[in-house]
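What follows is calculated from the coordinates using simple rules that are stated; it is not laboratory data. Being a predicted model, the structure only gives us computed values, none of them experimental. In this analysis, Cβ positions are derived from the backbone assuming ideal geometry, glycine residues included, and neighbour counts consider all displayed protein chains.
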């Protein structure tokens with residue numbers, strides 16, 4: 001079976017710290033896949049907020065929608081672990097892009113997981129795909 005690969009960008013655009021909560025741990029005692037998506041969602045919101053945007057408005061009233069996601073585990077994430085979550089961009093296109101995330105244990109530097117979310121840009125009233133706002137493209141371009 002072919003394994004999913006999430007390649008890291010040459011450089012990251014943003015970093016935030018997020019602790020693994022008890023609700024993020026599954027019955028196996030480690031970070032669950034649903035929780036990884038929740039953690040990267042939080043990191044994405046923080047990245048956008050650092051530029052004065054939200055998922056509903058990334059410039060000019062344009063919103064985003066996630067169209068796919070991938071997760072690759074590198075090590076176990078455990079309750080109480082403080083993670084550094086790096087956010088970068090890849091495959092920056094006219095109407096979409098990928099955000100790539102690296103989750104690392106802050107205490108040891110060990111990489112816990114990588115994730116990728118595919119995003120498209122939408123006009124909120126028509127729900128149709130639109131071009132990426134220029135300011136967002138400029139913010140992502142260094143890594144894209």
To two decimal places, what compactness ratio does the range 75-133 give when its Cα radius of gyration is scaled by 2.2 N^0.38 Å?
1.52
Compute the FRET efficiency between residue 74 and residue 34 as 1/(1 + (r/R0)^6), taking r as their Cβ-Cβ distance and R0 = 25 Å, and round to the nearest 0.05.
0.90
Given 0.36 nm per residue, what is the gain on full extension from residue 135 to residue 45 after removing their alpha carbon distance, in nm?
30.8 nm
Please find, in a Gaussian network model of the chain (springs between Cα atoms separated by less than 10 Å), the residue of 75, 107, 84 whose mean-square fluctuation is greatest.
107
Tell me the relative contact order for the range 28-86 as a rounded percent, counting alpha carbon contacts under 8 Å between residues six or more apart.
41 percent
Pairing the Cα long axis of helix 33-50 with the longest principal axis of the chain, what angle in degrees results, from 0 to 90 and rounded to the nearest 10?
50 degrees
Counting only C-alpha contacts under 8 Å and six or more residues apart, can you give the relative contact order of the range 1-66 as a whole percent?
18 percent
With a ≥ b ≥ c taken as the square roots of the eigenvalues of the C-alpha gyration tensor of the range 1-47, please select rounded if a/c is under 1.5 and otherwise prolate if a/b is larger than b/c or oblate if it is not?
oblate
Label zone at residue 22 (point 7 Å along Cα-to-Cβ), backbone N below 18 Å, the range 76-107:
78-82
Diffusion coefficient in µm²/s returned for the chain by Stokes-Einstein, Kirkwood Rh over C-alpha pairs, 4 °C and 1.567 mPa s, is 83 µm²/s
Here FRET efficiency (C-beta to C-beta, residue 66 to residue 107, R₀ 41 Å, nearest 0.05) is 0.85
Connecting every pair of Cα atoms under 10 Å apart in the chain and solving the GNM, the largest mean-square fluctuation among 82, 54, 125 falls on 125
Expressed in nanometres to one decimal, the distance between label points 7 Å along Cα→Cβ at residue 82 and residue 2 is 4.0 nm
What is the distance in Å between the Cα centroid of the range 59-79 and that of the range 1-30?
9 Å
Residue-averaged [θ]222 nm for the chain, counting only DSSP H segments that reach four residues, each worth -39500 (n - 2.57)
-5500 deg cm²/dmol
